[in-house]
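J.: One structure is given below, represented as structure tokens, and several questions about it will come after.
The values are calculated or read from the model by the stated rules, or taken from the named source; none is laboratory data. Fair warning: this is a prediction, and the values are worked out from it, not measured in the lab. Neighbour counts are summed over all protein chains in view; Cβ atoms, including those assigned to glycine, are modelled from backbone coordinates with ideal geometry.
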């Protein structure tokens, strides 16, 4: 049974309107509170630790699996180990958000350890939203560690979003791409107050004709701090592209370190990064249309993080 | 007295044709073998260690000072400490190359520790070429560590070139820019065989309206390895731009890590980097004009590193 607070949080982290129509596992305060599977997608508890194995049979097409995690009013560190095994020639969507509501708690922490295996020729879309809320002063912490293998001809499109309320977010990812594998990561991060966000992403272009693209857009406000370390290793004939854009406001700090390393003469690696404030001509234009400075800022930031 | 081998090496590292017409100090095998000063540029040996203090009086205009270092046929580590103090409102050129000729030696190492103070309103052009040659198999190593203060309204243009023969090159630089200070670094590096090159450059945009630009172009051939770490810290209203382009060939490895860090909302930082091989259409075009593949490659690399 899903409570109304749980429901509200779930809508924040999974806005697909399909949460319960497909295979799903809803984890709340460390327990599975709702689960369903399909003919080709099974979900089983891990035997040795907390978490689930999501096994998707080969040739599963146009299905989605939703594994949201919510934590409500608890002083806990909820650590979960999830494994996704996507069989050959599938085409699926995985939605894996996490939401914290901790009005009375001091410190609520979610630790997500994910493994994703995308077998030969499979196409996966992966969405992960982090959201937290509370009325009082309390720590809401997210730590995720994700390792991903994309086998030959496989493809993965990831959307990683941390929009609101996360005091301390650490993202650690390592992704190996084999022959002809393809990866696109789109990251959106917003921090304010004294929040901190860190991303550490390593992409290994192991196979021939592997290609990867990262597009990261972030906004840092107030005293918040962001640190991004992206490493793209071209170990074979391959293509890699990293693009990071950040807007800073007030006393925020953004450090952006996109590293390229090529050890093959047929690797083509490119990155671009920019850190700056909101363009004043855009602000002026919106203000001349009748918006206050704050409204104009908000509109520009919304567009930037869209 | 300058020998003919010394003369040949000097021409490689200082092609200005002005080496002896201005103030200069030629250091060969750890000893000063030729020195002259001018009315406003003095050169004195350091009392506590090997090296010189170059003191440029305020308002010194259109003068140059040349401080080449050569090492011939010696198994040594020649460590030199040089300090350059450029008085206010000057406009000078510093040429500080280093050349090693070590036909019979096993291992020849140059360690250059430089401090450069550019006082208020001064304009400095700094050229540094590293060159090494030998007929046998021997180690030719360069390690430089440079710290630079550019006071308000000061400007520095650096050209750093490592074109040939350096087996192991390590460059370490830290530069502080104060109000309205300006910096342009142009770096050119070529490595082949099993050579290694590392650059570690930190630029601190401390003052208001400071601006810095790094343009790095490198070519890595054969089994050679290059690693670049550029850090641009925007600590005030300022602008920073890093641009790194590398061509890799055969089994070379290039790692390029240009980091940006902004802790002020009025800092504007940008970087771009690309690693790839020679464009095949350029090769084809030159080969269609009658050049062999090797000649065509050579022509493209020359143009790229110009």
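J.: Could you say whether any residue in region A:157-164 is modelled with pLDDT of 95 or more and either farther than 20 Å from residue A:273 by Cβ or surrounded by fewer than 17 Cβ atoms within 10 Å (Cβ to Cβ) (or both)?
T.: Yes.
J.: Still on this structure, please answer the following. Can you name the number of the only condition in (1) farther than 25 Å from residue B:241 by Cβ; (2) more than 7 Å from chain B (Cβ to nearest Cβ); (3) part of a loop (DSSP other than H, G, I, E, B) that residue A:265 fails?
T.: Condition not satisfied by residue A:265: (2).
J.: Residue A:191 is checked against (1) in contact (Cβ under 8 Å) with a residue 60 or more places away in the chain; (2) out of contact with any helix residue (DSSP H, G or I) (no Cβ under 7 Å at 6 or more places or on another chain); (3) within 29 Å of residue A:263 (Cα to Cα) and fails just one. What number does that condition carry?
T.: If we test residue A:191 against (1) in contact (Cβ under 8 Å) with a residue 60 or more places away in the chain; (2) out of contact with any helix residue (DSSP H, G or I) (no Cβ under 7 Å at 6 or more places or on another chain); (3) within 29 Å of residue A:263 (Cα to Cα), just (3) comes out false.
J.: Would you be able to say whether some residue in region A:94-105 is under 25 Å from residue A:73 (Cβ atoms), crowded, with 23+ Cβ neighbours inside 10 Å and either at pLDDT 95 or above or out of contact with any strand residue (DSSP E or B) (no Cβ under 8 Å at 6 or more places or on another chain) (or both)?
T.: Step one: list which residues in region A:94-105 are under 25 Å from residue A:73 (Cβ atoms), which gives A:95-105.
Going one step further and asking which of them are crowded, with 23+ Cβ neighbours inside 10 Å, we end up with A:95-102.
Subsequent filtering for residues that are either at pLDDT 95 or above or out of contact with any strand residue (DSSP E or B) (no Cβ under 8 Å at 6 or more places or on another chain) (or both) retains A:95.
Within region A:94-105, one or more residues are under 25 Å from residue A:73 (Cβ atoms), crowded, with 23+ Cβ neighbours inside 10 Å and either at pLDDT 95 or above or out of contact with any strand residue (DSSP E or B) (no Cβ under 8 Å at 6 or more places or on another chain) (or both).
J.: Condition first: under 17 Å from residue A:212 (Cβ atoms), at pLDDT 95 or above, surrounded by 18 or more Cβ atoms within 10 Å (Cβ to Cβ) and in contact with a strand residue (DSSP E or B) (Cβ under 7 Å, 6 or more places away or on another chain). Can you find one or more residues in region A:124-133 that meet it? Break it down stepwise before answering.
T.: Keep residues of region A:124-133 that are under 17 Å from residue A:212 (Cβ atoms), which gives A:124-126.
Of the ones still in play, those that are also at pLDDT 95 or above are A:124-126.
Now narrow it down to the ones that are surrounded by 18 or more Cβ atoms within 10 Å (Cβ to Cβ): A:124, A:126.
Now drop any that are not in contact with a strand residue (DSSP E or B) (Cβ under 7 Å, 6 or more places away or on another chain), which leaves A:124, A:126.
Scanning region A:124-133, I find at least one residue that is under 17 Å from residue A:212 (Cβ atoms), at pLDDT 95 or above, surrounded by 18 or more Cβ atoms within 10 Å (Cβ to Cβ) and in contact with a strand residue (DSSP E or B) (Cβ under 7 Å, 6 or more places away or on another chain), so the answer is yes.
J.: Here is a list: A:222, A:266, A:245. Which entry is at positive phi and at pLDDT 90 or above? Don't jump to the end; show me each part of the working.
T.: Working: A:266 fails: at positive phi; A:245 fails: at positive phi.
Answer to the selection: A:222.
J.: Which condition does residue A:110 not pass, out of (1) part of a strand (DSSP E or B); (2) out of contact with any helix residue (DSSP H, G or I) (no Cβ under 6 Å at 6 or more places or on another chain); (3) over 30 Å from residue A:182 (Cβ atoms), if it passes all the others?
T.: Against the list (1) part of a strand (DSSP E or B); (2) out of contact with any helix residue (DSSP H, G or I) (no Cβ under 6 Å at 6 or more places or on another chain); (3) over 30 Å from residue A:182 (Cβ atoms), residue A:110 comes up short only on (3).
J.: So which of B:255, B:218 is more than 9 Å from every other protein chain (Cβ to nearest Cβ), buried (at least 19 other Cβ atoms within 10 Å of the Cβ) and in a strand (DSSP E or B)? Give the derivation first.
T.: Values: B:255 fails: more than 9 Å from every other protein chain (Cβ to nearest Cβ).
Only one candidate passes the filter, namely B:218.
J.: Sticking with this one: Among strands (runs of 3 or more DSSP E) lying entirely in region A:1-65, which contain 1 or more residues that are in contact with a helix residue (DSSP H, G or I) (Cβ under 6 Å, 6 or more places away or on another chain)?
T.: Values: elements: A:23-28, A:31-36, A:41-45, A:51-56.
By residue number, A:23-28.
J.: Tally time: how many residues in region B:70-79 are assigned to a strand (DSSP E or B) and out of contact with any helix residue (DSSP H, G or I) (no Cβ under 8 Å at 6 or more places or on another chain)?
T.: First pass over region B:70-79, keeping only residues assigned to a strand (DSSP E or B): B:70-72, B:77-79.
Still in the running and out of contact with any helix residue (DSSP H, G or I) (no Cβ under 8 Å at 6 or more places or on another chain): B:71, B:77-79.
Result for region B:70-79: 4.
J.: Go through region B:180-198 and give me each residue that's part of a strand (DSSP E or B) and farther than 18 Å from residue B:223 by Cα. Quick ask: steps written out before the conclusion?
T.: First, the residues of region B:180-198 that are part of a strand (DSSP E or B): B:182-191, B:196-198.
Scanning region B:180-198 gives B:182, B:183, B:184, B:185, B:186, B:187, B:188.
J.: For region A:268-297, what are the residues that are facing chain B (nearest Cβ under 7 Å) and assigned to a loop (DSSP other than H, G, I, E, B)? Before the answer, list the steps.
T.: First pass over region A:268-297, keeping only residues facing chain B (nearest Cβ under 7 Å): A:268-277.
If the condition is that a residue be facing chain B (nearest Cβ under 7 Å) and assigned to a loop (DSSP other than H, G, I, E, B), then A:277 is the only one that fits.
J.: Pull up region B:166-179, narrow it to residues that are in a loop (DSSP other than H, G, I, E, B) and modelled with pLDDT of 95 or more, then point me to the one that is surrounded by the fewest Cβ atoms within 10 Å (Cβ to Cβ). Quick ask: steps written out before the conclusion?
T.: Within region B:166-179, the first condition is being in a loop (DSSP other than H, G, I, E, B), and the residues that meet it are B:166-167, B:178-179.
Now narrow it down to the ones that are modelled with pLDDT of 95 or more: B:178-179.
On the way: B:178: 21, B:179: 18.
Checked region B:166-179; the qualifying residue surrounded by the fewest Cβ atoms within 10 Å (Cβ to Cβ) is B:179.
J.: Go through (1) within 19 Å of residue B:163 (Cα to Cα); (2) surrounded by 15 or more Cβ atoms within 10 Å (Cβ to Cβ) one by one and return the number of the condition residue B:266 breaks.
T.: Of (1) within 19 Å of residue B:163 (Cα to Cα); (2) surrounded by 15 or more Cβ atoms within 10 Å (Cβ to Cβ), only one is false for residue B:266: (1).
J.: Take the residues in region B:232-251 that are surrounded by 24 or more Cβ atoms within 10 Å (Cβ to Cβ) and within 23 Å of residue B:191 (Cα to Cα); name whichever of them is nearest to the other protein chains (Cβ to nearest Cβ).
T.: Checked region B:232-251; the qualifying residue nearest to the other protein chains (Cβ to nearest Cβ) is B:248.
Yes/no per residue for (1) more than 22 Å from the chain's Cα centre (by Cα); (2) farther than 16 Å from residue B:114 by Cβ:
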| residue | (1), (2) |
| --- | --- |
| B:22 | no, yes |
| B:38 | yes, yes |
| B:54 | no, no |
| B:61 | yes, yes |
| B:69 | no, no |
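J.: Which of the following residues is at pLDDT 95 or above and under 19 Å from residue B:130 (Cβ atoms): B:233, B:200? Step through it out loud before you land on a result.
T.: Working: B:233 fails: under 19 Å from residue B:130 (Cβ atoms).
Result of the check over B:233, B:200: B:200.
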